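K.L.:
Submitted below is the structure of interest, expressed as structure tokens.
The values are calculated or read from the model by the stated rules, or taken from the named source; none is laboratory data. Just so we're clear, the structure is a prediction, and the values are computed from it rather than from any experiment. Please note: Cβ atoms are built from the backbone with ideal geometry, for glycine as well, and neighbour counts cover all protein chains shown. Quick note on the areas: whole protein, heavy atoms, side chains included, nothing else; ligands and nucleic acids left out. Shrake-Rupley method; radii C 1.70, N 1.55, O 1.52, S 1.80 Å.
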Amino acid sequence: MYRHTVMKAVRANRLLHDVTLELTYCCNFNCFYCYNDRDRQGTPLSLPQYRVLLEDLARMQTLFLMLTGGEPMVHPHFFDIGNMTRELGFVVRIRTNGHLLIPRNVERLLREVEPYRVEITLHGATAEVHDRQTRVPGSFERLTGNLRHARVAGLRCATVVTPTAWNEHQIEAMIALGDELGAPLRFQGPVGPRDNGDREPLSIQPSRATWDRIEALMAERRENVSVEPECSVSKDFPEADAEEIASCSVGLAGVDIDPFGNVQPCMHVREVAGNLHQQSIEDIWNRSPLFAQVRQRAVAAASRWNGERPRQFGSPLFCVAIDEMCGEEEGRRVGP
Amino acid sequence: MSEPTREYKIRLSSRVRFRDVAGQGVLVHLEEGRVLVVNDVGLFIVQALGRQAMTESELAAAVAQAFVVDAARAQSDVALFLEQLRGEKALQTVGGPDGGPAGG
């Protein structure tokens, strides 16, 4: 219903349906496979600039926002921005590592931000595996404690896992942990290179057999476990599927905005359509040709599968940025 | 004689977010996690209830005027739609006809 009515109208009218706000690249973790380039420079958007941006988006009828990072909760104005999103009537997801979801912050989230859902990255089902990836000792114990409290407090939470060679032996255990914590699990992937071109994270890509196992589990459990590209809007917002079998929805109805005001087609395609220090979001969305160009590139790349399901690094997912960065060495090799 | 409950003022639940997306109303319930899509008349009602608390009769009158339909038809359609919204936990009552207690 949503896809055939609302999304059709969104695309026909070229509306900006969903926006990802990367509030900061700062993070209190040091995850091994993190793609963010922490050395990226720029002038961060100020609080008044976020106010203007959010008011523009509300006027443009954007409904869905995701606050992410880095770790969004370390942004000095995280709660101020969250409060604005509530006042302006957005449906907000927050993607966090959960380290700052302490009781006081959970209370503030519920009162000041009222998020639709908080998505927490889970790296493993035990401290040994989780903390190995976050490279922060104690992060697993703190996360599980925080999640237990958040559930009791009434915060809607979900967990997100990127399968890796380090956690692939705990897939079932992580699903069970998500269930136990009241935070249903979703898989995302594949692991990609860092935004600065560093390919070190690719060294912990899981096996194709792991992805097959995840797919089988997903089918068994249906809606309780899902596999999605990292950048997609959640299946709870049922517009996630693009019309092309092998393509993500890049360039169609959403944008990513980095901490410095750069507006990009998505969090992985780091090409700038415009900057909010110079232009409004409305100008950028309506005038930049980049979104249509990236869309064409995604569709062209996906067409190589000739209608078959794409796989990148063994995962049943497709990301045009990974295809363009790694296609020659891996992404395209696994195509037809 | 009309049912007393009909004159309770209602408004959109604070747990519901909505937007006019190209003429269709998209409602998301933050707690239930459900998405509801409504047509232009539904959107008109949702927008009205998002602005202020109204009784069902006031809503029906506003719909009849805005969409140029007779009062009985508007009353019936509004009642049906409000039932649907109640089923989705998208409404809250703000007080009785005598200014009585608010309800969910």
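K.L.:
Output the residues belonging to region A:147-187 that are open to solvent by less than 10 Å² (accessible area, probe 1.4 Å), closer than 20 Å to A:ALA216 by Cβ and not in a helix (DSSP H, G or I).
P.N.:
A:THR159, A:VAL160, A:VAL161, A:THR162, A:PRO163, A:THR164, A:ASN167, A:LEU185, A:PHE187
K.L.:
Name the pairs: first residue in region B:17-31 and in contact (Cβ under 8 Å) with a residue 40 or more places away in the chain, second residue in a loop (DSSP other than H, G, I, E, B) and of a type in the set (A, V, I, L, M, F, W, C), Cβ to Cβ under 7 Å, at least 6 apart or on different chains?
P.N.:
Pairs found: B:LEU27/B:ALA90; B:HIS29/B:ALA90.
K.L.:
Now a separate question. Tell me yes or no: at least one residue of region A:161-176 is in contact with a Cys (Cβ under 6 Å, 6 or more places away or on another chain) and either under 19 Å from A:SER315 (Cβ atoms) or modelled with pLDDT of 95 or more (or both). So that I can check it myself, show each step before the final result.
P.N.:
At the first step, the residues of region A:161-176 found to be in contact with a Cys (Cβ under 6 Å, 6 or more places away or on another chain) are none.
No, that holds for no residue.
K.L.:
Return the total of residues in region A:188-203 being open to solvent by less than 10 Å² (accessible area, probe 1.4 Å) and more than 15 Å from A:GLN312 (Cβ to Cβ).
P.N.:
The total comes to 0.
K.L.:
I'd like to check something: does region A:163-179 contain any residue that is within 14 Å of chain B (Cβ to nearest Cβ) and in contact with a strand residue (DSSP E or B) (Cβ under 9 Å, 6 or more places away or on another chain)?
P.N.:
The initial filter retains those residues of region A:163-179 that are within 14 Å of chain B (Cβ to nearest Cβ), namely none.
Within region A:163-179, not a single residue is within 14 Å of chain B (Cβ to nearest Cβ) and in contact with a strand residue (DSSP E or B) (Cβ under 9 Å, 6 or more places away or on another chain).
K.L.:
Right, next: Out of curiosity, is A:LEU110 in a helix (DSSP H, G or I), open to solvent by 40 Å² or more (accessible area, probe 1.4 Å) and aliphatic (A, V, I, L, M)? Full working, then the answer.
P.N.:
Details: in a helix (DSSP H, G or I): yes; open to solvent by 40 Å² or more (accessible area, probe 1.4 Å): yes; aliphatic (A, V, I, L, M): yes.
Spelling it out, A:LEU110 is indeed in a helix (DSSP H, G or I), open to solvent by 40 Å² or more (accessible area, probe 1.4 Å) and aliphatic (A, V, I, L, M).
K.L.:
Pull up region B:33-69, narrow it to residues that are more than 10 Å from every other protein chain (Cβ to nearest Cβ), in contact (Cβ under 8 Å) with a residue 12 or more places away in the chain and outside any helix (DSSP H, G or I), then point me to the one that is nearest to B:VAL94 (Cα to Cα).
P.N.:
Within region B:33-69, the match that is nearest to B:VAL94 (Cα to Cα) is B:ALA53.
K.L.:
Quick test of your reading of the structure: A:VAL334 fulfils all but one of (1) farther than 19 Å from A:GLY197 by Cβ; (2) at pLDDT 85 or above; (3) β-branched (Val, Ile, Thr). Name the failing condition by number.
P.N.:
(2)
K.L.:
Of all residues in region A:296-327, how many are β-branched (Val, Ile, Thr) and open to solvent by less than 10 Å² (accessible area, probe 1.4 Å)? Lay out the reasoning, then the answer.
P.N.:
Looking only at region A:296-327, we keep the residues that are β-branched (Val, Ile, Thr), and these are A:299, A:320, A:322.
Adding the requirement that they be open to solvent by less than 10 Å² (accessible area, probe 1.4 Å) leaves A:320.
Residues meeting the conditions: 1.
K.L.:
Give me the residue from region A:17-34 that is in contact with a Gly (Cβ under 7 Å, 6 or more places away or on another chain), assigned to a loop (DSSP other than H, G, I, E, B) and hydrophobic (A, V, I, L, M, F, W, C) and, out of that set, nearest to the other protein chains (Cβ to nearest Cβ).
P.N.:
For region A:17-34, the residue satisfying everything is A:LEU23.
K.L.:
Out of the residues in region A:255-286 that are among the small types (Gly, Ala, Ser) and under 18 Å from A:SER46 (Cβ atoms), state the one that is surrounded by the most Cβ atoms within 10 Å (Cβ to Cβ). Talk me through it step by step, then tell me what you get.
P.N.:
First pass over region A:255-286, keeping only residues among the small types (Gly, Ala, Ser): A:261, A:273-274, A:280.
Those left that are additionally under 18 Å from A:SER46 (Cβ atoms): A:261, A:274, A:280.
Working: A:GLY261: 23, A:GLY274: 20, A:SER280: 14.
Here the residue is A:GLY261.
K.L.:
Right, another one. Regarding region A:98-106, can at least one residue be identified that is of a type in the set (A, V, I, L, M, F, W, C), farther than 14 Å from A:SER139 by Cβ, free of Cβ contacts under 8 Å to residues at least 60 places away in the same chain and away from every other protein chain (no Cβ under 13 Å)? Write out each step before concluding.
P.N.:
Residues of region A:98-106 of a type in the set (A, V, I, L, M, F, W, C): A:100-102, A:106.
Narrowing further to those that are farther than 14 Å from A:SER139 by Cβ: A:106.
Filter again for free of Cβ contacts under 8 Å to residues at least 60 places away in the same chain, leaving A:106.
Imposing the further condition that a residue be away from every other protein chain (no Cβ under 13 Å) reduces the set to A:106.
Yes, region A:98-106 has at least one match.
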